[in-house]
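The values are calculated or read from the model by the stated rules, or taken from the named source; none is laboratory data. Note that the structure is predicted; figures quoted are calculated from it, not measured. Every residue, glycine among them, receives a Cβ derived from its backbone with ideal geometry; neighbour counts consider all protein chains shown.
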Amino acid sequence: MTETLCVLLWAHPGQLDALAAYEDAVLELVPAHGGRVLSRVRRLVADDGGTPAADGQPHEVQVIEIPDDDALAAYLADPRRTALTADRDRAVARTEILRTARVV
């Protein structure tokens, strides 16, 4: 059964561009694991991500379909993705992954 994930991401202060660059790189790997990115949006902010927690809202939201838990685990463990861990740690302050059901 296909999993639909809603991924919420918050940037470290001043790292909004770095978050976007990291996500650009790792989301390219999703199709290799049978998934697809259905939607990727960024909130409108007037700065460079210097106020990520001021209102509690994430900087980026993604909706991803992936075949199953095994495919998700393989994506998360993909060596091309894990090689970017330092980039992720520098850019991403917080990530929440919500398992959702597609309604329409």
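Which of the following residues is at pLDDT 95 or above, among the β-branched types (Val, Ile, Thr) and outside any strand (DSSP E or B): VAL61, VAL41, VAL26?
On the way: VAL61 fails: outside any strand (DSSP E or B); VAL41 fails: outside any strand (DSSP E or B).
Result of the check over VAL61, VAL41, VAL26: VAL26.
Here's a check for you: in the range 72-100, which residue that is closer than 19 Å to ALA25 by Cβ and among the small types (Gly, Ala, Ser) is surrounded by the most Cβ atoms within 10 Å (Cβ to Cβ)?
ALA91
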